[in-house]
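Since the structure comes first, as structure tokens, the remarks are kept for the end.
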Amino acid sequence: MAIRDILVYPDPRLKQVAEPVERFDAELRELVHDLEQTMDAGPGAVGIAAPQIGSCRRVIIIDVSSRPKLKNHGRLYLVNPEIIHWEGLETGREGCLSVPDYTGNVVRAQRIRVSALDPHGRPLELDMEGFEARALQHEVDHLDGLLFLDRLVSRRHDLFKRKTYQARKDKP
Amino acid sequence: MAHWYMLTVVGADRPGIVARISQCLYQAGCNLGEASMIRLGGNFTIMLMIQTAQPRRQLEQALRPVTEELALSLHLDPIEGHLHEHRQPDVRITVFGADRSGIVAQVSGALAEAGLDILELESSVAGSRQHPLYIMQLEGVATRGIEALRQALAEELPQDIDVRIEPIDTLVG
Ligand SMILES: [Zn+2]
């Protein structure tokens, strides 16, 4: 168990679509533990995805509890997360542990419903909004080989054209 | 040894300015840094960091055919250049109202006094000739908090100017 190196763009492993987790064993627990240690060691990240530490698995952690005024579920360890419903669009600023020294505006769904498994394989369903929903969408993108750079909108204007919003890829 | 310069280019807007200038710099072996290129009132303007070991004269000479052909005026100033040192803004301010002299001075004066470091400012004059509308968007760091900015603007701004102040909470994940 250890803090692992964070892969940095243009590492090709960040562009791969991660594999669903099938076994809820010691190896998965170790991955979750490493992810958590690596996230906590970094500078103020509110989420991390397994591909960022070089593991091609559909595992993420998100935690926006550092913003106590915002609605949130605390620290979430999510395996095979899927967004099953989304509503509304909102522009916000994002950066990424894998893209140092750059931030940009990205359009995300305002409210989402997520289905996932916990690290023991028990099913979860969560409703999220705002910053927490944004964090989840950012991390799920990592599982699909996408970075926020793939979704940048103009830096200068917070207005946006809805038509330019790329539909989320269908999950395998 | 390579030095950083700030290249400033201004001229009547026409197709091909960016392509021609950047090709010329590439052929002269320059590295490009951060840039801002924007059309202002029918002019095209470029502010571009370039890094090169060449003396300034030589670089100006290399650019001359392009600047003469496209009627561009050009400045090249040695600068102390640093990359990978972006400061992240934590506030975005939008100001709009009927255009009149003094808006920028009033707003930026009040904001500076309340602790705002401006990182980026973009403004435009919209509306019509009879009724011009001034719009300004800026991003910066509120060194004394956003509330201080709100108060300063509430106290000092005339009623006919609209201001929106929004925090920027950057998500890192
Ligand atoms: Zn990321």
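The values are calculated or read from the model by the stated rules, or taken from the named source; none is laboratory data. Predicted, not measured: the structure shown is a model, and the values here were computed from it. Neighbour counts are summed over all protein chains in view; Cβ atoms, including those assigned to glycine, are modelled from backbone coordinates with ideal geometry. Please note that ligands, DNA and RNA were not included when accessible areas were found on the heavy atoms of the full protein model with its side chains. Shrake-Rupley method; radii C 1.70, N 1.55, O 1.52, S 1.80 Å.
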Among the residues of the stretch A:58-75, how many are open to solvent by 10 Å² or more (accessible area, probe 1.4 Å) and either away from the ligand (no atom under 16 Å from the Cβ) or among the β-branched types (Val, Ile, Thr) (or both)?
11
Scan of the stretch A:35-53 for residues that are crowded, with 20+ Cβ neighbours inside 10 Å and part of a helix (DSSP H, G or I), ordered by number
A:35, A:38, A:39, A:50, A:51, A:52, A:53
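To keep it simple, each residue is scored yes or no on (1) open to solvent by 60 Å² or more (accessible area, probe 1.4 Å); (2) not assigned by TED's automatic domain parsing to the domain that holds residue B:150.
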position: B:46; (1), (2): no, yes
position: B:54; (1), (2): no, yes
position: B:59; (1), (2): no, yes
position: B:70; (1), (2): no, yes
position: B:75; (1), (2): yes, yes
position: B:105; (1), (2): yes, no
position: B:109; (1), (2): no, no
position: B:113; (1), (2): yes, no
position: B:117; (1), (2): no, no
Which residue is farthest from the chain's Cα centre (by Cα), if the candidates are limited to the stretch A:104-145 and must be at positive phi and away from chain B (no Cβ under 14 Å)?
A:121
When the stretch A:79-103 is checked residue by residue, the ones that are away from chain B (no Cβ under 14 Å) and either closer than 26 Å to residue A:31 by Cα or open to solvent by less than 30 Å² (accessible area, probe 1.4 Å) (or both) are A:79, A:80, A:82, A:83, A:84
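Using the structure shown, decide if residue A:99 is in contact (Cβ under 8 Å) with a residue 24 or more places away in the chain and more than 15 Å from the ligand (Cβ to nearest atom).
Spelling it out, it is not the case that residue A:99 is in contact (Cβ under 8 Å) with a residue 24 or more places away in the chain and more than 15 Å from the ligand (Cβ to nearest atom).
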When only residues in the stretch A:54-68 that are more than 12 Å from every other protein chain (Cβ to nearest Cβ) and assigned to a strand (DSSP E or B) count, which is farthest from the chain's Cα centre (by Cα)?
A:57
